[in-house]
Amino acid sequence: MTATPPGPDRNGAEDRDAIRRTREVLAYRNRFVDVYDDEVAFPNGTDGRYLRIHHRGEGHGVVVLPVRDGAVGLVRTYRYPLGRLQWGLPRGFSHGADPLVTARAELHEELGVPEAEFTLLGTMTPDSGLLADPVAVVHATVTTTPGAPLTPEEVTESRWLPLPDLPHWITTGHLDDALTLATLTLARAHGLLPP
């Protein structure tokens, strides 16, 4: 017997449990995102507020899992909200409606990979408590020799980590980016990474 994924039932239980937006309040906008501080009504009748960040571009942001000769391509980037450098997979805001176009651009910009074979694995919601948009997850089989990152102001370092070293990096906290960890899990579920 196959388990059915959770979702709204026929009695509309999901609608009864929904937090309703009563007023959309744009708090901030830049060229990448709109930040809302919406007025809401909770299911019990009380009022409140919820923050919501919405990507302004067309299409989904992307996280790319590049694999080359038994190694995963990682980038080290300064993450301003954390106040520190962090290792993770290449990622970025959309470059258009097609996530594979965005994946190609991000892989080239961040890892210096001019070409690869791309496969869309699915989408994920990286922080459903704050971010309103899903992110596309793309696997990239790299057969060419990578160059240097094209965005040195963004990517401070890159490396190709052998797949057998991934568990150690994860368990020791060297690799703690949630998008990266979720992408590795999805790729493993697709049979693209060893258990």
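The values are calculated or read from the model by the stated rules, or taken from the named source; none is laboratory data. Treat the numbers as computed from the prediction; the structure is a model and nothing was measured. Methodologically, a virtual Cβ is constructed for each residue, glycine included, from the backbone with ideal geometry; neighbour enumeration extends over all protein chains shown. Ligands, DNA and RNA are stripped out before the accessible areas are found, and what is left, the full protein with its side chains, is counted by its heavy atoms. Shrake-Rupley method; radii C 1.70, N 1.55, O 1.52, S 1.80 Å.
Relative to the longest principal axis of the Cα atoms of the chain, helix 99-111 runs at roughly 50 degrees. From a point 7 Å beyond the Cα of Leu181 in the direction of its Cβ, which residues of the range 128-161 have a backbone N at a distance under 15 Å? Residues 128 qualify, since their backbone N sits under 15 Å from the label point. Compared with the alpha-carbon gap, the fully stretched path from Ile19 to Glu153 is longer by 44.2 nm at 0.36 nm per residue. Pairwise alpha-carbon distances in the range 32-73 exceed 14 Å for 68% of all pairs.
Residue ranking by accessible heavy-atom surface, 1.4 Å probe, largest first, among His60, His55, His174 comes out as His174, His60, His55. One Cα centroid belongs to the range 39-64, the other to the range 78-103; the line between them spans 20 Å. In summary, the range 49-195 shows an alpha-carbon radius of gyration equal to 0.99 times the 2.2 N^0.38 Å reference for compact globular proteins. In this structure the amide hydrogen of Val25, modeled in the peptide plane, comes within under 5 Å of the amide hydrogens of Asp37, Asp38, Glu39, none closer than 5 places in sequence on its chain.
If the chain linking Tyr80 and Leu192 were pulled fully straight, counting 0.36 nm for each residue of separation and taking away their Cα-Cα distance, it would gain 37.2 nm. Label-to-label distance for Thr123 and Arg49 is 2.9 nm, based on points extended 7 Å past Cα in the beta-carbon direction. For the chain, the relative contact order comes to 19 percent (Cα pairs under 8 Å, sequence separation of at least 6). The long axis of helix 178-189 is offset from the longest Cα principal axis of the chain by roughly 70 degrees.
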